[in-house]
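Only one structure is covered here, and it is reproduced in the block below.
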């Protein structure tokens, strides 16, 4: 029994859909993200460097699969997450014993709710933080927005946060 043109058309449509579908619609990850708006903003703003699934880009942008969940468990770590997306960061960083040297842009153009949604997508959907971790709020982002800093200061502050977290 032959597939025929209708099967070939369906196969072509499925192949096209797999190229344009967001990663949370793939068969590899059948469940929708908990933070859909954050996932959408992540794909539009962060995925170009960190990858569609947050796995990072060798030597350029670190993965987002472990440290953000750990950061979100402490007040200083939560501040670090907020200032990183707000003000960017540049220079060498080490994550899981791998070196990255990049210039992450600032995302001050996004509003506080969008930034909180992106961070919560990263923390819960990509880094799989525990249920005891509280989601970041737009108020936390707004508080950090009132204290501007540059990307070099963000990276310097990261060193002390990592030490406090034992990373």
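The values are calculated or read from the model by the stated rules, or taken from the named source; none is laboratory data. These figures come from a predicted structure and were not determined experimentally. As a convention, Cβ positions derive from the backbone with ideal geometry for all residues, glycine included, and neighbour counts pool all protein chains shown.
Residues are listed down the side, and each one gets a yes or a no for (1) under 30 Å from residue 89 (Cα atoms); (2) modelled with pLDDT under 95; (3) in the same structural domain as residue 112 (by TED's automatic domain parsing):
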{"position": "4", "(1), (2), (3)": "no, yes, no"}
{"position": "10", "(1), (2), (3)": "no, yes, no"}
{"position": "24", "(1), (2), (3)": "yes, yes, no"}
{"position": "45", "(1), (2), (3)": "yes, no, yes"}
{"position": "65", "(1), (2), (3)": "yes, yes, yes"}
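Considering each of 100, 71 in turn, give the residue that is over 15 Å from residue 116 (Cβ atoms), buried (at least 16 other Cβ atoms within 10 Å of the Cβ) and in contact (Cβ under 8 Å) with a residue 12 or more places away in the chain.
100
Go through the stretch 40-58 and give me each residue that's under 26 Å from residue 166 (Cβ atoms) and in contact with a strand residue (DSSP E or B) (Cβ under 6 Å, 6 or more places away or on another chain).
50
(1) under 18 Å from residue 155 (Cα atoms); (2) under 15 Å from the mean Cα position of the chain (by Cα); (3) free of Cβ contacts under 8 Å to residues at least 24 places away in the same chain: which one isn't true of residue 92, the others all being true?
Going through the list (1) under 18 Å from residue 155 (Cα atoms); (2) under 15 Å from the mean Cα position of the chain (by Cα); (3) free of Cβ contacts under 8 Å to residues at least 24 places away in the same chain, residue 92 breaks only (2).
Just checking, how many residues over the stretch 114-167 are part of a helix (DSSP H, G or I), touching a helix residue (DSSP H, G or I) at 6+ places or on another chain (Cβ under 7 Å) and closer than 21 Å to residue 46 by Cβ?
22
Of all residues in the stretch 46-60, count the ones that are crowded, with 16+ Cβ neighbours inside 10 Å and assigned to a loop (DSSP other than H, G, I, E, B).
5
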